[in-house]
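Novice: Got a structure for you, questions after.
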Amino acid sequence: MNENESNRIFLAAVDEIAPNRIRSRAGKQFTKGLVRDMPRRLITEDLARMTWRHFESLAAEIALREYGGKVLLTPQSRDKGADVIVMGDSVNVLILCNLTKHDHLKSELPLREIHSARPFYERFTQVKFGKLLLVSNVKSYGRQIQETARTLGVELMDEEYIIQRVRQYEITWQDLLRRFSQPRLFPFWTRGFW
């Protein structure tokens, strides 16, 4: 049995997802060396090798466990400033994910993006979003970023928050792949009508 057949059998047992479907959805970087890791829980070092697609899926998985309800990823481009929409059991949440190589967030732009996304998504979904989150892999946020976040009503989640939640909820690569393979929110504006 070659490696390809072995992976197909393993994946069928796990979630009946063919390896070529994972590759086409997630790209070469996602599956290279990770197919066998799927049932393994995420560890701190995994954050360093995540793509922005992994990171959005991770934020969505954390949000599902934190708030319950329905969690959707927004379109991969032209998302109007939000990456994850949570129609939670007790609160609706908009999340912007910021994956960076820096230890500190250097710009207020992500804060302004998620803040400006609220009226758009409230109009589109016809629900109120009671919480705005910026989830980033930064080690910390500077004083100016924290002040701007407070002014705009955006909660800041850093690497420590992510690591704590990954441990608490025992999130696996399989969870990320499953989230990634689910349909994204594809509203009218992504199809060229806007």
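The values are calculated or read from the model by the stated rules, or taken from the named source; none is laboratory data. Please read all numbers here as calculations on a predicted model, not as lab measurements. Because the Cβ atoms are built from the backbone with ideal geometry, glycine has one as well, and the counts that use them run over all protein chains shown. For the accessible areas, the whole protein counts, side chains as well, though only heavy atoms, and no ligand, DNA or RNA atoms are used. Shrake-Rupley method; radii C 1.70, N 1.55, O 1.52, S 1.80 Å.
Novice: Multiply the residue separation of Ser181 and Lys131 by 0.36 nm, subtract the distance between their alpha-carbon atoms, and state the gained length in nm to one decimal.
Specialist: 15.4 nm
Novice: Okay, next question. Which one of Gln168, Thr125, Val154 is farthest out on the positive end of the charge dipole of region 125-191, using unit charges on Cβ (Lys, Arg +1; Asp, Glu -1) and the Cα centre as origin?
Specialist: Farthest towards the positive pole: Thr125.
Novice: Can you send over the solvent-accessible area of Thr100, 1.4 Å probe, protein chains only, in Å² to the nearest 10?
Specialist: 30
Novice: May I pose another question? Please report the projected area of region 55-165's Cα convex hull averaged over all directions, in nm².
Specialist: 6.4
Novice: How much length would be gained if the chain were fully extended between Asp103 and Ile43, taking 0.36 nm per residue of separation minus their Cα-Cα distance, in nm to one decimal? Please list the in-between numbers first.
Specialist: Numbers: separation 60, 0.36 × 60 = 21.60 nm, distance 1.86 nm.
Full extension of this stretch gives 19.7 nm more.
Novice: Heavy atoms only, probe 1.4 angstrom, no DNA, RNA or ligands counted: give me Lys131, Lys101, Lys80 ranked by accessible area, highest first.
Specialist: On the way: Lys131 50, Lys101 195, Lys80 75 Å².
Sorted descending by solvent-accessible area, the residues read Lys101, Lys80, Lys131.
Novice: Shifting gears a bit: Can you check what the net charge comes to around Lys128, using other residues whose Cβ is under 12 Å from the Cβ of Lys128 (Lys, Arg +1; Asp, Glu -1)?
Specialist: Net local charge, Lys128 excluded: +2.
Novice: Still on this structure, please answer the following. Quick one: compute the contact order of region 95-194, relative version, from alpha carbon pairs under 8 angstrom and 6+ residues apart, as a percent.
Specialist: Once normalised by length, the contact order is 28 percent.
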